[in-house]
1. Any idea how far the Cα center of the stretch 54-132 sits from the one of the stretch 1-15, in Å?
2. Taking Cα pairs under 8 Å and at least six residues apart, what relative contact order does the stretch 2-164 come out at, in percent?
3. Run lengths n ≥ 4 of DSSP H only: what is the helix-derived mean residue ellipticity at 222 nm for the chain, with -39500 (n - 2.57) per run over all residues, to the nearest 500?
4. Could you work out the Kirkwood radius for the chain, taking every pair of different alpha carbons, averaging 1/r and inverting it, reported in Å?
5. Residue separation times 0.36 nm, minus the C-alpha to C-alpha distance between residue 16 and residue 144: what's the value?
6. Between residue 112 and residue 64, with labels modelled 7 Å along Cα→Cβ, what's the label distance in nm to one decimal, could you check?
7. Can you give the FRET efficiency to the nearest 0.05 for residue 158 and residue 123, using r as the Cβ-Cβ distance and R₀ = 45 Å?
8. How many nm is it between the label spots at residue 74 and residue 24, if each spot is 7 Å from the Cα in line with the beta carbon?
């Protein structure tokens, strides 16, 4: 197994394209959010709206995931074959003025679902919380090389391709 340096900008663009493609195909059908509090970890399907590398989702304010995010904002997301490690930020109601970026992204990505389902939900419920997921590290199988994993370390602004079937031994894949 080997580790190859990649262009950060090129891999970032490829990952944004993959997230957009997944959104077009129904990212909400394949996106899983994992949260934890203490020793208890839960995972559930969510409808994610990508805006660049950032993901947004909303939930009822009374759910366990809100309690878990308040206790531990470190989360993981799996969307298709993309794995994201990041931090969840609670942003208030989706229609709050500071969340216009999310509403614009939603209308652009899934206009029919927004207009026919979500808009009414948002307007008629005050018990909704927007979750903004800020990624730290994103990985996905290489689009160019079988048995390879491409990793974007956002905090370090580094990009790697791990070539080989045992990725766990590569330095970029470990903490």
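Just so it is clear, none of the values below were taken in a lab; they were calculated from the coordinates. Worth saying up front: this structure is predicted, and the values here are computed from it rather than measured. No Cβ is skipped: glycine too gets one built from the backbone with ideal geometry, and neighbour counts run over all protein chains shown.
1. 28 Å
2. The value is 27 percent.
3. Dividing the helical sum by the residues of the chain leaves -7500 deg cm²/dmol.
4. Its Kirkwood hydrodynamic radius stands at 16.9 Å.
5. So the extension gain works out to 44.5 nm.
6. Result for the modelled spin labels: 3.4 nm.
7. For R0 = 45 Å, the calculated efficiency reads 0.55.
8. Going from the residue 74 label point to the residue 24 one covers 3.6 nm.
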